[in-house]
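Please read the structure below before turning to the comments.
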C-alpha cells in the first residue's frame, strides 16, 4: 500500500520536528499548499519526507529528520559536487522511480492541483472522509463598498503616508513617490471583474487566507480555524461568506440564508454560473464535495496577477516594510561583525534575536502606527549551508566566510489587515575576494533596478542583469569564486528577482521565458545569489516600477 500524506500533524510525528519552525516552504505561501512537504509511505514500513531542495540546509543540520529525505525541484548552486544524493525534477519523477503501478492513496486535504497533476500518471484513491457534521451552513453577505471602506478608511493612513515619504527622503525621487502614494483609489473589484470577464468566468470560490482578506476585508487567519468559503459574483454589489452557523463575522456581515450543505448553498447563490476556484489551495476533498454539476475553472494565477497589479495602492506600507527590514538586517549584521571581531560568543540565533529587536525598535522610534509579524527569515553561515536556511545554534567566529540574512516581514494595519510584506537581503563577508564579489553584486543590483521601466518583461530584465553579471566573468574566475568551466551567461540558471504583493510572487519572476510585462506601481525585488564553496552571498532590494525607471525603496 502506498500513501501520499500532507497532514501536518502526521508528518511532524514522523519527522520529529515542527515544520514551520525548521523549514521555509511551509511559510512561503498564503494562497496555496503546493510547496508544502509531503510524506510518502510505502507498505507501512518505509516512510520518506518529500521536500524541495531549497530545504537542504535546514534538513542537513545535525540530520534533524528522523526519516529519509528525498529532494526534488533542484535549487541553483554553482557546484553540486559535494552532494551525492539524487535531486528529482518533481513529485511525479519521485513516484515514478520509487513506486510501482499500484494505487496511491492520497489525503483528502491534498491541494487539488497536485492531485490533478498526479492523476495523469498514477491511479489515485482519495482517503475521503465525508463530513457528517449536523451543523448548518450560513451565508453572510458583505457589501463591496464596505470592503473598500475598510481598506481605505484606516484612521492612520494619512500618518502612514507621511512617515513613508519621510523615510525615503534620502533616496530622492520624492515627488514621484509622493504622486504614487497619493494615487490610492481602490478599484479592486472593477479590476477583478475585468480579469474575470476576459476569461469568461462569472464568479469565484475563495478559500485561501490572503484572498479571503483581499475580497472580504476580514483578516484571513479565520480560514485556518473554520472550513470557510467566499463566493464572489462578477458585477454584483455583494459578496457571500459561507460558513458554519457557529462562525461569527463580528458584525462585518449580515446572515441572509441557511443551508444543509455546501452544494445547496452554491446551487442557490451561484446558480449555473461558471465559477473559478483556487486550485493551489482548495483541497481535493473539498473539490469533490462541490464539483457536482458545476462549471469550475482554475484561477490561482489570475488572483495572483490581480494582487500584483494592485500592490502599488499600498506603496506607503511597502516602503515602511522595506525600511524596517533594511534597518534591522543591516544592524544585525553590524552586531555580528562587532561580536566576531571582539571574540564574543554569538550564534545565528543570537543574530536573529538582534534582528527582531531592531525591527521593533525602528517601529517604536519612528512612531509608526502598524504591527509587524515575521514572514520568513533566512540567517545562515555559508560554512554551514549555501542553501537557504533558518537560523540555528551555529557559533560565529573569524573562520567563517559569510553570514547572510535574507528576510521579510508583514506590515499589519490597525484593523488587522496585512497591507504589505518585505523581502530583502544583505551579507556580511569576511574575506577580500568574497567582499569584492558582494560589492559587485550590490552595484549590479542597484544599477539594474533603476533601469526597470513600466513595459519591460521579466525576460528582458533577466538578460540585462545576466549581461552585467557576465562582464565580471574573467575577474571572478581569477578570484576562484566560480568553477573554472562555469559560464555566467549560460550557467546562471535561476531568476534574479520577482514581484511582491502580500507575499513573494510565484507567477512573475525576472527570468528567461517570462514575457509578461511590468506596469506602473508594481512592487518588485532584484536579487543575486552567489552560492559557492563556503560562501552563501546574497544581495536583494525592493523597488517600485515607474515610467522613468525603478525607484529603490529598501536603501
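A short reminder: the numbers here are calculations on the coordinates, not readings from a lab. Not measured: the values here are computed from a predicted model. For neighbour counting, all protein chains shown are included, and Cβ atoms are generated from backbone atoms with ideal geometry for every residue, glycine included.
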**Prompt:** Which FRET efficiency value, to the nearest 0.05, do you get for residue 361 and residue 145 by plugging their Cβ-Cβ distance into 1/(1 + (r/R0)^6) with R0 = 41 Å?
**Reply:** 0.55
**Kirkwood hydrodynamic radius (C-alpha pairs) into Stokes-Einstein, the stretch 499-555, 4 °C and 1.567 mPa s, D in µm²/s** = 102 µm²/s
**Request:** At 7 Å along the Cα-to-beta-carbon direction for both residue 439 and residue 165, put a label point, then send me their distance in nm to one decimal.
**Result:** 3.7 nm
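Can you tell me the relative contact order of the stretch 200-299? Whole percent, Cα pairs under 8 Å, sequence separation 6 or more. Please report the intermediate quantities before stating the final value.
Numbers: 130 pairs, mean separation 31.1, N = 100.
Answer for the stretch 200-299 is 31 percent.
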**Prompt:** If the convex hull of the alpha-carbon atoms of the stretch 373-492 is projected onto planes in all directions, what is the mean projected area in square nanometres?
**Reply:** 10.2 nm²
**Asked** Which values, in whole Å and largest first, are the semi-axes of the equivalent ellipsoid of the stretch 2-127 obtained as the square root of 5 times each eigenvalue of the Cα gyration tensor?
**Response** 22, 17, 15
**At R0 = 25 Å, FRET efficiency that the Cβ-Cβ distance of residue 486 and residue 457 yields, to 0.05** = 0.40
**Request:** State, to one decimal in nm, how far the label point of residue 343 lies from the label point of residue 493, with both points 7 Å from Cα in the Cβ direction.
**Result:** 4.7 nm
**Request:** Express in nm, to one decimal, how much length is gained between residue 66 and residue 273 on full extension, taking 0.36 nm for each residue of separation and deducting their alpha carbon distance.
**Result:** 69.7 nm
**Request:** Apply the Kirkwood formula to the stretch 311-552: the hydrodynamic radius equals the inverse of the mean of 1/r over all pairs of different alpha-carbon atoms; give it in Å with one decimal.
**Result:** 18.4 Å
**Message:** Starting from a Cα-only point model with no solvent, please compute log10 I(q)/I(0) by Debye for the stretch 210-305 at q = 0.15, 0.17, 0.19, 0.24 1/Å.
**Reply:** -0.61, -0.81, -1.05, -1.84
**Asked** What is the log10 of I(q)/I(0) for the chain, computed with the Debye formula using one identical point scatterer on each Cα and no solvent, at q = 0.08, 0.10 Å⁻¹?
**Response** -0.56, -0.89
**Request:** Provide Rg and Dmax in Å for the stretch 329-420, with only Cα atoms included in the calculation.
**Result:** 14.6, 47
**Message:** What does DSSP give for the chain in terms of the percent of beta bridges that are antiparallel, rounded to the nearest 5?
**Reply:** 75 percent
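If you take the Cα atoms of the stretch 255-363, find Rg, then find the Kirkwood Rh from the mean of 1/r over all pairs, what is Rg/Rh?
On the way: Rg = 24.4 Å, Rh = 18.8 Å.
Rounded to two decimals, Rg over Rh is 1.30.
Relative contact order of the chain, please, whole-number percent, based on alpha carbon pairs below 8 angstrom and at least 6 residues apart. Numbers along the way, then the final one.
On the way: 1138 pairs, mean separation 83.0, N = 555.
The normalised contact order for the chain reaches 15 percent.
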**Asked** Which residues does a label at residue 136 reach in the stretch 244-285, if reach means a backbone N under 11 Å from a point 7 Å past the Cα toward the Cβ?
**Response** 245-246, 256-260
**Request:** For the stretch 83-130, state the semi-axes of the equivalent ellipsoid (square roots of 5 times the eigenvalues of the alpha-carbon gyration tensor), sorted largest first and rounded to whole angstrom.
**Result:** 23, 12, 10
**Item:** Rg and Dmax [Cα atoms of the stretch 137-298; Å; Rg one decimal, Dmax integer]
**Value:** 18.4, 59
**Message:** Give me the one-decimal nm value for the distance between modelled label points at residue 109 and residue 414, 7 Å along each residue's Cα-to-Cβ direction.
**Reply:** 3.7 nm
**Item:** Length gained when the stretch residue 263-residue 79 is fully extended (0.36 nm per residue, less Cα-Cα span)
**Value:** 61.0 nm
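Among rounded, prolate and oblate, which fits the stretch 410-555 when a ≥ b ≥ c are the square roots of the eigenvalues of its C-alpha gyration tensor, a/c under 1.5 means rounded, and a/b larger than b/c means prolate?
Numbers: a/c = 2.21, a/b = 1.54, b/c = 1.43.
Prolate.
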**Request:** Using only alpha carbon pairs under 8 Å that are at least six residues apart, calculate the relative contact order of the stretch 2-127 and give it in whole percent.
**Result:** 26 percent
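Pull out the extension gain between residue 101 and residue 519, defined as 0.36 nm times the separation in residues minus the alpha carbon to alpha carbon distance; nm, one decimal. Walk me through the numbers before you get to the answer.
Working: separation 418, 0.36 × 418 = 150.48 nm, distance 4.75 nm.
Result: 145.7 nm gained on full extension.
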**Asked** For residue 156 and residue 374, what is the calculated FRET efficiency with R₀ set at 22 Å and r taken between the beta-carbons, to the nearest 0.05?
**Response** 0.50
